[in-house]
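A.B. asks: After the structure tokens below, expect a handful of questions from me.
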Amino acid sequence: GRLLMKTPLYDQHVRLGARMVDFSGWEMPLLYTGIIPEHAHTRTQVSLFDICHMGEFEVRGPTAEADLERLLTQPIAGIRQNAGAYGYLLDDQGGVIDDLICFRLQSDRFWLVVNAGTTAGDADWIREHLSAGTEFLDLSGKTAKLDIQGPATGPALEQLFPGRIPDLKYFRCAEVELNDFKGLLSRTGYTGEWGYEFSLPLAQAVECWRTLLTHPQIRPAGLGARDTLRVEMGYPLYGHELSTKAPPAGVAQGRFMDLSKTFIGRDAVQRALESEDLRVLTGLRMEGRMSARAGDPVMEGANNVGMVTSGLFAPSLGYAVALAYIDRNLAGAGQQLHVTVRGRALPAQITELPFYANGTARRAPPGSLPSMNQPIKNQQPATSAADSVQPVKMESI
């Protein structure tokens, strides 16, 4: 087989007894102790994920903002300094080349976080579409990324790095020095829980990983738990819910796209949004523990009305759920359908996303208790990109 790439933390995972798997050409930890305990620890305490396989680009110069405005669907002008917004990089037909977060570090300096399997293609596409005055740096090979996720993240990091953790709002970032470690700290969270992502030089990855794991509450978690956590939140994943074959109209339904500006693929997205036969990304609640798989057909009686893109048993909920593209006219909450799973017709009910509604990602940290009890509403289109409440960077799982 092909030679798999390894992150700088490979030896750490092996030492911790991780089960390693091929993910987007990288040898990555699927699990350490088990998917369900790692999932539960992330929902209740704090977990550490190796995300070094993901790509990071810097785009800078006087024409950087205008170039990104044309390349990406999110409204770049609306991103304030040290803030980010989620959106899509599209091809001319409106297919999704990647989904990514764009942060503004300075007025003319941007940081893009992209998926592992698409990094090289993203870099080629972006380079082809930049003005002469825009500088593009692919920093993926020099940058490590650690995600620290869970409701106890804030207190745990404050104990490890007293006075060093800035008060970051959701979808904000800051350049930080955490004792010996220097890098970019962001707060987006792919798990639905309060958390941070730390991008730092590759050479510091092992020491930082080991330092974080000295905290008694912080435990490593693998890509298995990462997937169950993101499906419970209804977050799409590149290669499952997103691909070059489908315009993002069906997953975003107009969110994370500024249709008032000109961007590559805009006309195709507009046509898809207006078309009668649009299939939209929908949540399905299954009965019991048996889960649907990607590719399973969704049926209304004898009619095929959709297709499952991700399905699994949801550990926080105790039943199986699925994400599926379903005919727009049938995609209302409460609609009863069934999924054909390995020859059996399993009942499925359309349900609003997220499946798991108690995530802490956007709540005030523990201590300001009143807001802990506020329900988290489904994402609504935001007026300003920087303040938009949005699903988080979809790292392909």
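A.B. asks: What's the longest bit of the chain with no exposed trypsin sites (Lys or Arg not before Pro), using DSSP loop states and at most 16 other Cβ atoms within 10 Å as the test?
C.D. replies: 81-163
A.B. asks: Moving on. Working only with C-alpha atoms, what are the Rg and Dmax values of segment 39-95, expressed in angstrom?
C.D. replies: Radius of gyration, then largest Cα-Cα span, for segment 39-95: 16.1, 46 Å.
A.B. asks: Skipping prolines and chain starts, which residues have an amide H placed within reach, meaning under 5 Å, of the one on Ala348, given they are 5 or more residues away or on another chain?
C.D. replies: Leu337, His338, Val339
A.B. asks: Same structure again: Amide H neighbours of Trp26 under 5 Å, at least 5 residues apart or on other chains, H built in the peptide plane: list them.
C.D. replies: Amide H neighbours of Trp26, under 5 Å, 5+ apart: Met5.
A.B. asks: Rounded to the nearest percent, how much of the accessible area of segment 111-152 (1.4 Å probe, protein heavy atoms only) is carbon and sulfur?
C.D. replies: That share works out to 53 percent.
A.B. asks: Tell me the Rg and the Dmax, in Å, that the Cα atoms of the chain produce.
C.D. replies: 20.3, 62
A.B. asks: Keeping the other protein chains in place, figure out the carbon and sulfur percent of the accessible area of segment 210-341, with a 1.4 Å probe.
C.D. replies: 46 percent
A.B. asks: Give the calculated FRET efficiency between Arg2 and Glu128 to the nearest 0.05, with a Förster radius of 25 Å applied to their Cβ-Cβ distance.
C.D. replies: 0.40
A.B. asks: Go from 0 up to the bin containing the longest alpha carbon distance in segment 69-179, width 5 Å each, and give me the % of pairs per bin.
C.D. replies: Calculated over all Cα pairs of segment 69-179, the distribution is 2, 9, 18, 22, 18, 14, 8, 5, 2, 1 percent.
A.B. asks: So if we plug the beta-carbon distance of Ala333 and Lys169 into 1/(1 + (r/R0)^6) with R0 = 30 Å, what FRET efficiency do we get, rounded to 0.05?
C.D. replies: 0.50
A.B. asks: Placing +1 at every Lys and Arg Cβ and -1 at every Asp and Glu Cβ, with all other atoms neutral, what dipole size does the chain have around its Cα centre, in debye to the nearest 20?
C.D. replies: Once rounded to the nearest 20, the dipole reads 920 debye.
A.B. asks: In segment 252-347, what GluC sites (Glu not before Pro) fall in a loop by DSSP, with at most 14 other Cβ atoms inside 10 Å?
C.D. replies: Passing both the DSSP loop test and the Cβ count: Glu276, Glu287.
A.B. asks: Once you have a ≥ b ≥ c as the square roots of the Cα gyration tensor eigenvalues for segment 253-299, tell me rounded if a/c is under 1.5, and otherwise prolate or oblate according to whether a/b is larger than b/c.
C.D. replies: prolate
A.B. asks: Report relative contact order for the chain in percent, whole number only (criteria: Cα-Cα under 8 Å, sequence separation at least 6).
C.D. replies: Dividing the mean separation by the residue count of the chain yields 20 percent.
A.B. asks: Comparing Ser186, Ser310, Ser24, which has the greatest mean-square fluctuation in the GNM of the chain with Cα pairs linked when under 10 Å apart?
C.D. replies: Top of the fluctuation ranking is Ser24.
A.B. asks: Choose one answer from Gln45, Gln270, Gln74: the residue with the largest mean-square fluctuation in a GNM of the chain with alpha-carbon springs under 10 Å.
C.D. replies: Gln270
A.B. asks: Right, another one. Applying the Karplus parametrisation 6.51 cos²θ - 1.76 cosθ + 1.60 with θ = phi - 60° to the phi angles of segment 137-146, what ³J(HN,Hα) value in whole Hz is obtained for each residue in order, glycine and proline being reported as x?
C.D. replies: Result, rounded to whole Hz: 10, 8, 9, 4, x, 10, 10, 9, 9, 10.
A.B. asks: Normalising by the residue count of segment 1-154, find the relative contact order in percent from Cα pairs under 8 Å and 6+ residues apart.
C.D. replies: 29 percent.
A.B. asks: I would also like to ask the following. Could you order His129, His13 by accessible surface area, starting with the largest, using a probe radius of 1.4 Å?
C.D. replies: His129, His13
A.B. asks: Just the number, please: carbon plus sulfur as a percent of the accessible area of segment 1-110, 1.4 Å probe, no ligands or DNA/RNA counted.
C.D. replies: After summing per-atom areas, the C and S share lands at 53 percent.
A.B. asks: Still on this structure, I have one more. Pull out a ≥ b ≥ c, the square roots of the eigenvalues of the alpha-carbon gyration tensor of segment 17-62, then state rounded if a/c is under 1.5, prolate if not and a/b is larger than b/c, and oblate in the remaining case.
C.D. replies: Oblate.
A.B. asks: Taking the Cβ-Cβ separation of Glu158 and Ala302 as r and a Förster radius of 56 Å, what is the calculated FRET efficiency to the nearest 0.05?
C.D. replies: It comes to 0.45.
A.B. asks: Right, next: Taking the Cα of Glu135, stepping 7 Å toward and past its beta carbon, and measuring to each backbone N in segment 52-75: which are under 13 Å?
C.D. replies: 58-64
A.B. asks: Something else now. Select from Ala272, Ala221, Ala144 the residue whose mean-square fluctuation is largest in a Gaussian network model of the chain (Cα-Cα springs shorter than 10 Å).
C.D. replies: Judging by the Gaussian network model, the answer is Ala272.
A.B. asks: Just the number please: accessible area per residue for the chain, 1.4 Å probe, all protein chains included, in Å².
C.D. replies: On a per-residue basis, the chain sits at 41 Å².
A.B. asks: Per 5 Å bin from zero, what fraction in whole % of the C-alpha pairs of segment 130-230 is there, up to the bin with the longest pair?
C.D. replies: Pairs per bin, as whole percents: 2, 11, 21, 24, 20, 11, 5, 3, 2, 0, 0.
A.B. asks: Moving on. Count the lysine pairs in the chain whose Cα atoms lie under 28 Å apart, taking only pairs 8 or more positions apart in sequence or on different chains.
C.D. replies: 20
The values are calculated or read from the model by the stated rules, or taken from the named source; none is laboratory data. Quick caveat, the model's predicted, so the values are computed rather than measured. Reconstructed Cβ throughout: ideal geometry from the backbone, glycine too, with neighbour counts over all protein chains shown. To get the accessible areas, we keep the full protein, side chains included, count just its heavy atoms, and leave off ligands, DNA and RNA. Shrake-Rupley method; radii C 1.70, N 1.55, O 1.52, S 1.80 Å.
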